[in-house]
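Structure, as structure tokens:
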Amino acid sequence: MSDEQPGDVRDTLTGLERRLRDIEADLRSGAAGPGAEAAAAGNVGSDTAAGDGRRRPSGLLIAGLGAAAVLIVVLIVVLARAGASTPNRGGTSSEIALGGGVAGNESALGIAKLPGIRAARGDAAAEACSGIADAALIVIQPTPKTVGCDGLTELLTMTLSATAVAERAGGRRCLRVSQVAAQLRRPARALTRQRAARVLKARRAAAAKAAARAASGAASINAQRRAAATAGSNFDSSQRLSLTKVASADGSCVAPTAATLRSGAYPLSLRIALLARPGSASDAAVIETEATLRKALSGAVPIEAAVRGR
């Protein structure tokens with residue numbers, strides 16, 4: 001069973017499905033044969049006519065189908081576990097699957113272009129479980145976007161970005177996560193648009209400088225994040241804006257500071273984790289990706305903010 005591959009599992013399940021249909025056909029033909037007719041004529045067995053003219057299924061048919069269904073379920077569980085614990089030897093190594101939940105994030109767009117990283121074809125962690133990918137890069141905060149399996153090792157967890165509300169009295173307020181989300185869904189007003197434009201301009205300028213000096217992908221991402229964070233902070237200072245605190249799960253109010261952003265203590269931090277099976281954690285491709293991500297995502301964390309009441 002340890003040599004089962006994802007393709008083998010699918011083939012086996014398809015064969016089991018065909019076998020179940022064959023069993024069902026055999027049982028139905030047996031129930032409708034001469035023996036069943038004799039049992040019905042002698043008022044023996046359960047395949048008797050109902051009062052509305054329909055025939056009830058025989059006990060043999062029900063028992064046979066039930067046993068076959070249980071067998072299928074048991075084999076699916078066994079094969080799925082085997083697929084989750086077995087590396088894929090089909091030649092798709094040196095791939096890190098990037099999971100969903102980061103669509104539109106500028107840092108994530110840069111990460112997707114790094115060598116060896118590709119968008120997941122389905123659930124990223126499940127691909128790492130089955131060996132379709134060497135490792136998975138998934139969102140773990142604020143909302144997990146994956147299924148995964150037991151046995152994955154967390155090699156790296158870092159913050160991509162964060163969201164917040166800015167206002168003149170922001171330092172004295174503590175908003176719930178839902179209040180921040182509602183504010184971000186509203187049509188952007190003038191200062192919100194100006195802040196976003198300032199951040200985007202700084203990010204693009206940093207990307208252009210990095211390209212001019214032929215910087216690595218990780219260095220370019222880091223420079224863009226630093227420029228975006230600085231531009232947002234400078235805009236807030238020039239407009240006398242403060243970023244509001246947000247209530248955490250335990251009820252405490254957490255401000256988006258450099259420390260809480262890096263640690264993920266700020267509830268609206270978008271954090272990602274690099275996960276791999278123990279057998280793949282030491283692969284050269286995974287080690288290289290971990291080092292690249294540490295370089296790309298270190299330092300300042302950019303914050304997308306909606307200016308409240310403006």
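No lab work stands behind these numbers, since they all come straight from the coordinates. Keep in mind that this is a model prediction, so the values were computed, not measured.
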Residue-wise HN-Hα coupling along the stretch 204-215, computed from phi with Karplus coefficients 6.51, -1.76, 1.60 (Hz; x: Gly, Pro):
5, 5, 5, 5, 5, 5, 5, 5, 5, 9, 6, 5
Lysines whose Cα lies under 22 Å from that of Lys113, excluding same-chain neighbours fewer than 8 positions away:
Lys145, Lys201, Lys209, Lys295
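From the square roots a ≥ b ≥ c of the eigenvalues of the alpha-carbon gyration tensor of the stretch 219-310, which class results: rounded (a/c under 1.5), prolate (a/b over b/c), or oblate?
Details: a/c = 3.77, a/b = 1.70, b/c = 2.21.
Oblate, because a/c is 1.5 or more while a/b does not exceed b/c.
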Enumerate the amide H contacts of Tyr266 below 5 Å, restricted to partners 5 or more residues apart or on another chain; note that Pro and chain-start residues carry no placed amide H.
Leu261
